[in-house]
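Structure first, commentary second.
The values are calculated or read from the model by the stated rules, or taken from the named source; none is laboratory data. All values derive from a computational prediction rather than experimental measurement. Here the Cβ is made from the backbone with ideal geometry for all residues, glycine too, and neighbour counts use every protein chain on show.
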Amino acid sequence: MSLYPLKFKPRYVKKMWGGRKIEKILGKSPPPGPIGESWELYDFPPGVVDESHDWISSEVAEGPLAGKTLHELVREFGKDLYGDIPLVGPHGQFPILIKFLDAREDLSVQVHPDEAYAKANPGAHLKNEAWYIVHADPGSRLLNGLKPGITRESFAKAISAGSVESTIQSIPAKIGDCFYLPSGTVHALGAGILAAEVQTPSDTTYRVFDFNRIDPSTGKLRTLHIEQAMKCIDFAAPAPPKPTAPQLAQCDYFSIRKVELKKGGKTSNPSGEPIVLMFIEGKGRMMSVEFKRGDTILLPAALKEATVIADEDSLWLEVKLRRVPA
């Protein structure tokens, strides 16, 4: 059976800070309730997500391979699917996680572990990520990186005083902006933002401050992870640079490029490597597969080339995986 451009069924994740923009703006069909995340492309071994005993992996939505999971495709097609990109860990995990995030409320102020911390602490996983702002309500902002001069000592005092937010750079959220968040960066997605997220496949998050939010399931303040977070924060990191289009982000694990195509236009994706396309605007076709706003498509390495035809003015994020050691 031949590979083709692959669309997968989203995995909707309810969050107390979530909303309905994934439905209203992207046109998806999540279940009722506050939906914070739509996992578009994911592959996790047993025990990592929700203490599952089985793999949690994207399911192909349509075509001859419908019903198969991403991990099954990894095993069945091997390098025809992922090319020369190294898989993650001994289980052979697909090395990218793609999401949409809907922040009806502020997310917690948080940090993710780097490779050294993850290796020294079983159960922790490296997480580098990037946000592309799909929609931003008027006045919305995000927190990204410590302000100049903030030290470990002054940050610890801010935690005790409940003034963590005052130590972090507040940035107005604008549609089309992209922010790369390497591990060790203190950050928070702000209320009113719908973002496309590209990240290494990890769900390890350490909360530093949560705006004194009550967890409705317990009636208590949400758990913080101060000790772990203080070990992960990079207090020497410089202020993150502002990216310029079309290259929006690049690190050792992935790169993101913005692509725009006018109605009636066509463009080829010469490949030989796996490429993920996140469609932010428009609709069109690619081989036998149709796309619209909110769709995510994986182009397997074996395709070599896939031509996109735009039926409307279209914009998408082209995500390429980097060749780094597993």
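Going through GLU37, GLU62, GLU51 one at a time, which residue ends up being under 30 Å from ALA158 (Cα atoms) and either surrounded by fewer than 20 Cβ atoms within 10 Å (Cβ to Cβ) or among the acidic types (Asp, Glu) (or both)? Going through GLU37, GLU62, GLU51 in turn, the sole match is GLU37.
Residue-wise test of (1) in a strand (DSSP E or B); (2) under 20 Å from the mean Cα position of the chain (by Cα).
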site	(1), (2)
GLN228	no, no
ASP234	no, no
PRO238	no, no
LEU248	yes, yes
LYS258	yes, yes
LYS263	no, no
SER271	no, no
MET278	yes, yes
ARG285	yes, no
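LYS157 falls short of the stated requirement of being among the basic types (Lys, Arg), assigned by TED's automatic domain parsing to the domain that holds ALA103 and either in contact with a strand residue (DSSP E or B) (Cβ under 9 Å, 6 or more places away or on another chain) or within 15 Å of ALA103 (Cβ to Cβ) (or both).
Of all residues being of a type in the set (Val, Ile, Thr) and touching a Lys or Arg at 6+ places or on another chain (Cβ under 9 Å) in region 137-179, which is nearest to MET278 (Cα to Cα)? Just the residue, please. Checked region 137-179; the qualifying residue nearest to MET278 (Cα to Cα) is ILE171.
For ILE56, the test of being β-branched (Val, Ile, Thr), touching a Pro at 6+ places or on another chain (Cβ under 9 Å) and farther than 17 Å from ALA301 by Cα is passed.
Residues considered: ALA196, ALA136, ALA120. Of these, the only one that is closer than 29 Å to GLY47 by Cβ, at pLDDT 95 or above and in contact with a strand residue (DSSP E or B) (Cβ under 6 Å, 6 or more places away or on another chain) is ALA196.
In this structure, is ASP203 over 26 Å from VAL259 (Cα atoms), surrounded by 15 or more Cβ atoms within 10 Å (Cβ to Cβ), in contact with a Phe, Trp or Tyr (Cβ under 9 Å, 6 or more places away or on another chain) and charged (D, E, K, R)?
yes
Can you find a residue that is assigned by TED's automatic domain parsing to the domain that holds ILE35, crowded, with 17+ Cβ neighbours inside 10 Å and touching an Asp or Glu at 6+ places or on another chain (Cβ under 7 Å) anywhere in region 224-231? Yes, region 224-231 contains at least one residue that is assigned by TED's automatic domain parsing to the domain that holds ILE35, crowded, with 17+ Cβ neighbours inside 10 Å and touching an Asp or Glu at 6+ places or on another chain (Cβ under 7 Å).
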